[in-house]
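Q: Encoded as structure tokens, here's the structure I'll be asking about.
The values are calculated or read from the model by the stated rules, or taken from the named source; none is laboratory data. As the structure is a computational prediction, the values presented were derived from the model and not from experiment. Every residue, glycine among them, receives a Cβ derived from its backbone with ideal geometry; neighbour counts consider all protein chains shown.
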Amino acid sequence: MLVLRRLLRSSLLIGLVCASTGAQQSQSTSPGPGSSTEDLQKATQNPVASLISVPVQNNSNFNTGPFDRTGDVLNIQPVIPVNLNQSWMLISRVIQPIVWQPYPANPTGGEYGLGDMNPTFYFSPSKPGKVIWGVGPSFLIPTATNQVLGQGKFGMGPSVVALVQPGKWTLGALATNIWSVAGSGGRPDVNQMSLQYFVNYNLPSGWYLSSAPILTANWEVSQPNRWTIPVGGGVGRIMRIGFQPVNIAAQFYGNPVRPPGSSPWSMRLSIAFLFPRAPKPKQ
């Protein structure tokens, strides 16, 4: 219940901030082709779609450490596309975590605050073909409010995404590797990869099935501490709260490969506020 309250409270605050923009769009324009449920299903499953969205995602990591503690990461991650010209778009995706990190060696206590920010910028064709893709830089910015909650390093590296959307399916992958280039000399260097593959199957009435695990590798350490490989998935739905289209989802993942002492399973709950672009008036 605590997780649900936090997720709903954060979602409500973001919704209130964005509500005036959405209301003006709803009142001044009629819904275009890009705002139908089917189109929104496809767009929300495409990381480089021409769709403004504000996802709020809560990740609960259960049974961590010898005392089976529960850690929590609330990600606020706005996605904003900008048309650079007729051929190219720039899509900015900023992830700001809010972290509860329990002390692993104690049955009580922990640290709560901001984690490190992760902005990524994708250059993607405005009119993609059958294979939709984007490529650009990703950054690690040491915004953590406590050294337990972040890595204390400024980092950067490449990120690439590619996907196809045949029929009711969306199949793709997103890969990023970040190296530290500056920061505290007393903290370990950063050389870490994340690979997220995603498989979505769209159902009637806005429902969809989804699997989007995030595989991570810390190249600075040796096995068995290097890899985290989750397996799982869940269900989601595109719907409207009043005039506002949203994407809600619940997913569960087990971690059959993970560093010793880390969480064996997790729950991901999310709500994303969607802002489809109004259709251009006919000349």
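Q: Output the residues belonging to the range 71-88 that are under 14 Å from PRO102 (Cα atoms) and touching a residue at least 60 places away in the same chain (Cβ under 8 Å).
A: Once the filter is applied, which keeps residues that are under 14 Å from PRO102 (Cα atoms) and touching a residue at least 60 places away in the same chain (Cβ under 8 Å), the range 71-88 yields GLY71, ASP72.
Q: Follow-up. Quick check on this structure: which one of GLY150, GLY136 is touching a residue at least 12 places away in the same chain (Cβ under 8 Å), small (Gly, Ala, Ser) and touching a strand residue (DSSP E or B) at 6+ places or on another chain (Cβ under 6 Å)?
A: GLY136
Q: Need pairs with beta-carbon distance below 9 Å; first residue farther than 26 Å from ASN218 by Cα and in contact (Cβ under 8 Å) with a residue 60 or more places away in the chain and within the range 156-177, second surrounded by 20 or more Cβ atoms within 10 Å (Cβ to Cβ) and among the aromatic types (Phe, Trp, Tyr); sequence gap 6+ or separate chains.
A: Between residues of the range 156-177 that are farther than 26 Å from ASN218 by Cα and in contact (Cβ under 8 Å) with a residue 60 or more places away in the chain and residues that are surrounded by 20 or more Cβ atoms within 10 Å (Cβ to Cβ) and among the aromatic types (Phe, Trp, Tyr), the close pairs are THR170/PHE198; THR170/TYR208.
Q: Right, next: From ASN200, ASN218, which residue is at pLDDT 95 or above, crowded, with 17+ Cβ neighbours inside 10 Å and under 26 Å from PHE252 (Cα atoms)?
A: Criteria check complete, one pass: ASN200.
Q: Right, another one. Could we say that VAL199 is of a type in the set (A, V, I, L, M) and over 27 Å from LYS168 (Cβ atoms) here?
A: Judged against the criteria, VAL199 is not a match.
Residues checked against (1) in contact (Cβ under 8 Å) with a residue 12 or more places away in the chain; (2) of a type in the set (Gly, Ala, Ser); (3) within 25 Å of ILE52 (Cα to Cα):
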| site | (1), (2), (3) |
| --- | --- |
| ALA217 | yes, yes, no |
| GLU220 | yes, no, no |
| GLY232 | yes, yes, no |
| ILE248 | yes, no, yes |
| TYR253 | yes, no, no |
| PHE273 | yes, no, yes |
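Q: When you scan the range 35-140 for strands (runs of 3 or more DSSP E) that lie fully inside it, which ones turn up with 3 or more residues that are touching a Lys or Arg at 6+ places or on another chain (Cβ under 8 Å) and surrounded by 19 or more Cβ atoms within 10 Å (Cβ to Cβ)?
A: Those strands (runs of 3 or more DSSP E) span 52-64.
Q: Still on this structure: Does the range 147-154 contain at least one residue that is within 21 Å of SER180 (Cβ to Cβ), loosely packed, with under 14 Cβ neighbours inside 10 Å and not β-branched (Val, Ile, Thr)?
A: There is at least one residue in the range 147-154 that is within 21 Å of SER180 (Cβ to Cβ), loosely packed, with under 14 Cβ neighbours inside 10 Å and not β-branched (Val, Ile, Thr).
Q: Please work out which residue is farthest from PRO47 (Cα to Cα), limiting yourself to the range 109-135 and to residues that are at pLDDT 95 or above and hydroxyl-bearing (Ser, Thr, Tyr).
A: Ranking the candidates gives TYR112 first.
Q: Determine whether the range 99-107 contains at least one residue that is touching a Ser or Thr at 6+ places or on another chain (Cβ under 8 Å), aliphatic (A, V, I, L, M) and closer than 26 Å to SER270 by Cα.
A: no
Q: Here is a further query. Report, by residue number, each residue of the range 58-79 that is at negative phi and more than 13 Å from the chain's Cα centre (by Cα).
A: SER60, ASN61, PHE62, THR64, PRO66, PHE67, ARG69, THR70, GLY71, ASP72
Q: Next question. Return yes when THR176 is closer than 26 Å to ILE98 by Cβ, in a loop (DSSP other than H, G, I, E, B), among the polar types (S, T, N, Q) and out of contact with any Cys (no Cβ under 7 Å at 6 or more places or on another chain) and no when it is not.
A: No, not satisfied.
Q: Something else about it: Conditions: (1) of a type outside the set (A, V, I, L, M, F, W, C); (2) at pLDDT below 95; (3) surrounded by fewer than 16 Cβ atoms within 10 Å (Cβ to Cβ). GLY183 meets all but one. Number of the miss?
A: In the conditions (1) of a type outside the set (A, V, I, L, M, F, W, C); (2) at pLDDT below 95; (3) surrounded by fewer than 16 Cβ atoms within 10 Å (Cβ to Cβ), GLY183 misses (3) alone.
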